[in-house]
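No lab work stands behind these numbers, since they all come straight from the coordinates. Computed from a prediction, not measured in an experiment: that's the story for all the values here. All Cβ positions, even for glycine, are placed from backbone atoms using ideal geometry, and neighbour counts span all protein chains on display.
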Protein chains: 4
Amino acid sequence: MPLPAPLTGVVPPLCTPLTPGGDVDTDSLRTLCERLIGSGVDALFALGSSGETAYLADAQRRTVLRTAVEAAAGRVPVLAGVIDMTTARVLDHARVAAESGADALVATAPFYTRTHPVEIADHFRRIRRGVDLPLFAYDIPVAVHTKLPAATVLDLAEDGTLAGLKDSSGDDGALRRLLVELRTRGLDSRFSVLTGSELAVDGALLAGAHGVVPGLGNVDPAGYVRLYAHARAGRWTEAAAEQDRLAALFAITDVGHEAAMGRSSSALGAFKAALHLLGAINCPATAAPQVPLGDAETKAVSHLLEEGGLL
Amino acid sequence: MPLPAPLTGVVPPLCTPLTPGGDVDTDSLRTLCERLIGSGVDALFALGSSGETAYLADAQRRTVLRTAVEAAAGRVPVLAGVIDMTTARVLDHARVAAESGADALVATAPFYTRTHPVEIADHFRRIRRGVDLPLFAYDIPVAVHTKLPAATVLDLAEDGTLAGLKDSSGDDGALRRLLVELRTRGLDSRFSVLTGSELAVDGALLAGAHGVVPGLGNVDPAGYVRLYAHARAGRWTEAAAEQDRLAALFAITDVGHEAAMGRSSSALGAFKAALHLLGAINCPATAAPQVPLGDAETKAVSHLLEEGGLL
Amino acid sequence: MPLPAPLTGVVPPLCTPLTPGGDVDTDSLRTLCERLIGSGVDALFALGSSGETAYLADAQRRTVLRTAVEAAAGRVPVLAGVIDMTTARVLDHARVAAESGADALVATAPFYTRTHPVEIADHFRRIRRGVDLPLFAYDIPVAVHTKLPAATVLDLAEDGTLAGLKDSSGDDGALRRLLVELRTRGLDSRFSVLTGSELAVDGALLAGAHGVVPGLGNVDPAGYVRLYAHARAGRWTEAAAEQDRLAALFAITDVGHEAAMGRSSSALGAFKAALHLLGAINCPATAAPQVPLGDAETKAVSHLLEEGGLL
Amino acid sequence: MPLPAPLTGVVPPLCTPLTPGGDVDTDSLRTLCERLIGSGVDALFALGSSGETAYLADAQRRTVLRTAVEAAAGRVPVLAGVIDMTTARVLDHARVAAESGADALVATAPFYTRTHPVEIADHFRRIRRGVDLPLFAYDIPVAVHTKLPAATVLDLAEDGTLAGLKDSSGDDGALRRLLVELRTRGLDSRFSVLTGSELAVDGALLAGAHGVVPGLGNVDPAGYVRLYAHARAGRWTEAAAEQDRLAALFAITDVGHEAAMGRSSSALGAFKAALHLLGAINCPATAAPQVPLGDAETKAVSHLLEEGGLL
C-alpha cells in the first residue's frame, strides 16, 4: 500500500519472536502484528533495532518481512529496516525488501567505517535511486556512532531523497531546531519526523513531530495510541499522564543487571519477557549471543506489568 | 534570601560581560542583571558555563558573584556555580560563594580525573557538609564527560544532600524517568529539576520539570518568561509557539563557523554579540583563547535578532 | 594449508581492487597477491578493513576470497575476515569462507548493538564451534566501538577458542600487558598476537608481538618484510630506521583533506592510488560512497612514493 | 637550574603524599624526592596527574611545588604541572610556579569547555608569553577529552612556544609520525618528546622519544633508570626485559576493583600503597573523594611487590 506522506502516528518497531532453537517464530510474529494493528497503530516497522535485526541472518530477515507484510494485509503500511554497514550491502537488503512487499525503507548512515557528511548524503541518494520506495533515514548514534547532521537531513528532505527521519538520537534540542526549519521551508507536509525517544513522546509531538516509533509499543501499543490521540486532540495533560505511566513501565528494561549483560539483552529481553507473559508470543528467547533474563528477572517484569495495569 | 524549595521558573545563567582588556565589566553586568530581573526571571545563576566560568580566574569569579548579588539586591535569589575539578577545589569556591552572598551552589561531578558513582556521591556530600547552602548538581556531560547516574541523583535527593538538579545532559528519556521517580517518592515538592535544554523547555515542563536555565535567556529573557507562564497556565500550544520562536533565534549560535572556532566561541560569542547589539552590555568580547566573531558574523546575529523581533 | 601456530611475520590486509564500475577486479587482485607473496610476506589477510569489506556485498566478498585463495595457491595461508554485526551473520560468512578455502577466520566483537564481555566471549565460542577453522579476534575499537577486554582474550586463548589476536586498538600499554601475561601462562607459543599498528611495528615486535598486519604493506610489502627480518635478527636500529621510512610514507593517507572526505576515503584511496601508480592494480577506484581522490591528491601520493624510494 | 634542551631521560611524575587528615605530608614528599633522585632520575615532574593535582587546592599545590624544589636543591630540574581549565587560570598557576622555583611548566589544552585547534595554539602562546619558563604541552586525552593535533604541536615547536611534549595519549602511531616529522624539520635537538605510556617505553625510545614520565616510576625508579640506560646503550633486549618486568608490576593498579572505585582511585591508591609498604611515605591516603584501597587490596599490592623483587 502507498505510504501516507507524511507518515504520522504510532509505528511500533516489531520485535522478532524466536523459537527456543533460534528460528523466527512466524506464528508468534503474526499474532504480534495482529495485536498491534488491533490496538490501532498506524504502521509497522519491521527489522529495526528492537527487531534484533543486527542478530538476524539474511534469510531470517526475509522471513520476518514477508510474514509482517502478509499479516498487515494492506491494513497498515510496513516499513522495512535495511540495516547494514554501507551502500552496496544496504541495497541488497533493499531489493529483497521491495520484493517482499515493504512499503518503505529505513536505513542508517554507514557504520563500522569512518564516514563523512558528503558520503552519508551520497549513501542515501544511491539507496533512493537503487530501489523505488520511500526512504527514511534512521538516526541512531548509539549504534552507528555518528549523528546525522541537520544540514544533511534538510538537503535530502528538500531534494526528495528522504521521505522522513526516524530520530533515535535522543537530542531534543537538535530535533526541535530541525522541526522548526522543516516548517520554515514548507517541508513538514511531506517529510515525516518520527521520534524514537519513547519516553518523551508528548514533548516531541508538542514540538511538531509526526509520530513515534516506540520499542515499548510492542508491549503496550494501546498506551501509545492513546498518548498520540491525546496529543493530536490537544489534551496535553492527559498525554503527559499517559507518557508518565509508560515511562514507569519502561523500568522493565532495567531488571537485567548491567554487570551481567549488555543493554540490548536487558531491553529486548524485557520486551520479549513481557510479550510472553502477556500471551502475545510463544517464547521469550532473544538471539545469541544476548544473555537471557533469569527467573527472578522475569518475575520482576511480571510485577511491573501488573503495576502498569497490563497484567 | 532563602531559596524557594523547590526552586521554579526561569533562571538564566548569567553571561559575564568583559572589557576589551579582558576584565569583568561590572557596570555591564549590573545592567544585564537589571534587564533580566526586569523581565521577570525567577533567579539568577552566576558562574555557569554561559558565564565563561571555565575562563575566569578566581578573583574574576569573586567579582562576578559579588556584583550579581548586589545587583539582585534580594529581589531574586542568586545561585553560584562552583565549577572545578574535584572536591577540595570546589569547596574553596563554595566558601567564597557563601561569603559573597550566594543563595545556593551549583557543582558538577569531578572531572579531568576518572571517577565513579561512589566517588561522585561522596563528592556532593562533602560539599554539602562543608558549606551550608542549598546544593544543585549540574549534569553536563559535554563538559564533564560523565553523565550523573539517576540512582546517584535519587539517593542524594532522598537524603537531603541535593536541593535540585540542573540537567544539561540533553537526555530527555532519562530526564522523564527521573521526574516520574521523584514524584513516586514524593520528592518533587522539595527537589527542583531545572532543564538546561533551552530548545525543548515546553516538553520538559510538560514532563514535570520545575524550571529552566536557558543561556539564550540572557538575550531574550522575556521570551522564556512568557514560555514558562504559558506552560504553567496549561497553554501548551502557545508555549510551543514561543519555544519555536526561541529555537529559530538560537541560530545565532551557528554564525561562527565550526572550521574556525570551537562551539564555546560561537555560542557565547553570539550571546554577547546579541547583548551588545541590544545595548545590554558595553563590549561583546569573550575571554581568551576563544575566537571572537568577525563583522560578517555579527551582522548575521543582528539579522537574526531582527527576524526574532528583538531588534 | 594448515596455519602455523603461532602465526608469525608480515600478513598484509589485502586491498580489494575494483573496476571503474565497482566490480571486483580479479585480475588486479591476482597481481596484487603475486606482488605481496613475491615480496616475502608470510600470509594474506583478505576481507579486512583495508579490503573495504564493509563496502562489499556478499557476492563480492566471496569473489575476493576465492581469488585470493587461488592466487596464494598454497604458498602462504589466507586468513578471511568475517566482518558482520553479530554471531549468526558472522557464521554465514564463516561457512562461505571455509567453502572458499580460507585457512583461518578473523572476526570482531559484535557491533551496532550494545554488547557485554560475557556476550563477546560467547560470540567467539559460537563461531569457533560453528566452523572448524583457526579463529582470530580482531580488536578494532575505531570501527567496533568497544575494546576487547584483556581478560576475555586471555580466557579465549586459554580454552583454545582463539588462535590469535589482530590488535588494531593502538593501545600499546594494554598490548604489552597482554603479551607479558600470555608468556607467563605459556600461551605465546600457540597464540599469535599480530599488531595492526603499522607505524609502531618495531616496538610491538620488541615487546614480543608475533607479527604485523599493515595496510601500508599493500604498497610497500618489501619494507615490512625487511623491518620484520631486522627485528627477528635483533637489528633494532635498522628495524627502527625502516619503520621511520614507512611512517614517512604513511603521509600518503593524509593527502585527502578531512574537510572533504572521511578517513576511510583518504586512507584507502591513497593505498589504491599508490598501487595504481606502481602498476600493481588497473584502477584506483574505491567503493561507493567513499569520495575518490582528485588529481592534485594523486599527484601528492606520487610525490611521496618518489620520496619513499618506491617510484 | 636551567632545563636541558632537549630534556631527556626518566622524569617521574611525583606522587603527592598526604597525611591521614588530607594535608600534604611534606616530610614524606622530601623522602620521596630523595629516593627518586638517589635512583638516578633526570628530573622531577611535580603536580601531574599522578600527583593528584586535580584533587589539590591551590595552597596545597604551592606547598607541593616548593617542597619539591627545595628537595631537588638544584640536583635535577623540577617541572611543574599547571593544570586548569583555560588560559587565565593556568597563567595564575604558572606565576605561582615561577615564584616557587619551577624550572619548566607543563600545561594541557583547555578542558571542560569545547575548544578548537586555533584556540589551543593561542592558549599555549599566551602561557609562554605570560611566564618566562620553558613550556611543555601535556597531551592526555583521557582527562582533557581532546587529542593535541600533530600540526598544532609542530607549529608550536617550530616557533619556540613549546620546549617539549608529554605524550600520554597512548597513540603510538601518531607519536611515531610526530617523531619522524620533528627529525625531518631538525627540531628534535631542541624539542623534547617524553612518553607517558609507561608500559611501552622501550618502543618509544626505539622510535626516538627523548624520555619517559612514568607514574610507576614513583614505585620503581631504578627500574626505569635501568630501562632508559639499556635503551640508550642499544641493549634493546635488556630494555625489553626490564619493561616486561615493570609491565607485570603494573598489575598493582588493578587490585582495586572497577565495580567499587574509579581508575584514579585504583591506580594512585596502588602507587601510594606500594610507596607506603616500601617505607617511602608515611601514609597511603589518597585525596577525597577517591576510594581508599582495603586490606585485601593492600595485601595484593604487597604480593606483587614481592614478585617484582621490590619487597
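Across the options B:L56, B:G309, B:G279, the greatest Cα extent toward the positive end of the charge dipole of chain B (unit charges at beta carbon of Lys, Arg, Asp, Glu) belongs to B:L56.
With neighbours defined as other Cβ atoms within 10 Å of a residue's Cβ, the residues C:M1, C:M261 order from fewest to most as C:M1, C:M261. When the Gaussian network model of chain C links Cα atoms closer than 10 Å, the mean-square fluctuations of C:A163, C:A229, C:A43 top out at C:A229. Pairs of alpha carbons in region D:99-236 separated by more than 25 Å make up 26% of all such pairs.
In this assembly of identical copies, the label point of D:G309 (Cα plus 7 Å along Cα-to-Cβ) is separated from its counterparts by 3.9, 7.3, 7.9 nm, sorted shortest first.
Once you reduce region D:103-154 and region C:53-84 to the center of their Cα atoms, the two points are 45 Å from each other.
For region C:29-77, the Cα-based Rg and Dmax, in that order, read 10.7, 30 Å.
Between B:Y138 and B:A107, B:T108, B:A109, B:K166, the built amide H atoms are under 5 Å apart, and every one of these is 5 or more places off in sequence or on another chain. The phi torsions of region C:229-237, fed into the Karplus equation with coefficients 6.51, -1.76 and 1.60 and a -60° offset, translate into couplings of 5, 4, 4, 4, 8, x, 8, 5, 5 Hz, rounded to whole numbers, with Gly and Pro shown as x.
When the P(r) is computed for region B:189-233, the part past 16 Å accounts for 29% of the Cα-Cα pairs. Inter-chain neighbour count for D:48-56: the average number of beta-carbon atoms from partner chains within 10 Å of each residue's beta-carbon is 4. For D:T8, the amide hydrogen comes within under 5 Å of no other amide hydrogen, counting only partners 5 or more places away or on other chains and with H modelled in the peptide plane.
Taken about its Cα centre, the protein assembly as shown carries a charge dipole of about 0 debye when Lys and Arg each add +1 at the Cβ and Asp and Glu each add -1 at the Cβ.
If you take every residue apart from D:P77 with its C-beta less than 13 Å away from the C-beta of D:P77, what net charge results, scoring Lys and Arg +1 and Asp and Glu -1? That sum, taken over residues with Cβ under 13 Å, equals -1.
Just name one of C:L175, C:A200, C:A239: the one whose Cα is farthest towards the positive end of the charge dipole of region C:168-249 (beta-carbon charges, Lys/Arg +1, Asp/Glu -1). In region C:168-249, that residue is C:L175. Chain B has one residue whose beta-carbon comes closest to the axis relating it to chain A; that residue and its distance in whole Å are B:G203, 1. Taking only alpha carbon atoms, region C:1-117 gives an Rg to Rh ratio of 0.97, where Rh is the Kirkwood radius.
For the residues of A:58-64, the average number of beta carbons from a partner chain within 10 Å of their own beta carbon is 1.
Mind checking the mean number of beta-carbon atoms from other chains within 10 Å of the Cβ atoms in D:233-244? Average per residue, whole number: 3. Rounded to whole numbers, the Karplus 3J(HN,Hα) couplings from phi for region C:266-279 are 6, 6, 6, x, 5, 4, 6, 4, 5, 4, 5, 4, 7, x Hz, using 6.51 cos²θ - 1.76 cosθ + 1.60 with θ = phi - 60°, and x at Gly and Pro.
Apply the Karplus parameterisation 6.51 cos²θ - 1.76 cosθ + 1.60, with θ equal to phi minus 60°, to every residue of region D:93-109 and state each ³J(HN,Hα) to the nearest whole Hz, in sequence, with x for glycine and proline. Values, residue by residue: 5, 5, 5, 4, 4, 5, 4, 7, x, 5, 9, 6, 10, 10, 10, 8, 5 Hz.
Using Cβ contacts closer than 10 Å as the measure, can you line up C:S168, C:S189 from fewest to most?
Sorted ascending by nearby Cβ count, the order is C:S189, C:S168.
Taken about its Cα centre, chain C carries a charge dipole of roughly 620 debye when the Cβ of each Lys and Arg holds +1 and the Cβ of each Asp and Glu holds -1.
Diffusion coefficient of region C:200-311 by Stokes-Einstein, Kirkwood radius over Cα pairs, 10 °C, 1.306 mPa s: 109 µm²/s.
Computed on the protein assembly as shown, the Cα convex hull volume stands at 155 Å³ per residue.
Among C:A59, C:A121, C:A80, whose mean-square fluctuation peaks in a Gaussian network model of chain C (Cα, cutoff 10 Å)? Maximum among the listed residues: C:A59.
Per-residue ellipticity at 222 nm, computed for chain C from helices alone with -39500 (n - 2.57) per DSSP H run of at least four residues, works out to -14000 deg cm²/dmol. What does the charge count near B:T115 come to, summing +1 for each Lys or Arg and -1 for each Asp or Glu among other residues with Cβ under 15 Å from its Cβ? Overall, the nearby charge balance is 0.
Distant-in-sequence amide contacts of C:T286, defined by a placed amide H-H separation under 5 Å and a gap of 5 or more residues or a different chain, comprise nothing. Shape annotation for region C:74-115: C-alpha extents along the principal axes are 40, 16, 8 Å, from largest to smallest. When chain C is treated as a GNM with alpha-carbon contacts under 10 Å, the residue of C:T86, C:T115, C:T19 showing the greatest mean-square fluctuation is C:T115.
Altogether, the Stokes-Einstein calculation at 37 °C and 0.692 mPa s, with the Kirkwood radius of chain D over Cα pairs as Rh, returns a diffusion coefficient of 170 µm²/s. Tally Lys/Arg at +1 and Asp/Glu at -1 over every other residue whose Cβ is under 11 Å from the Cβ of D:E158; what's the total? Summing Lys and Arg as +1 and Asp and Glu as -1 gives -1.
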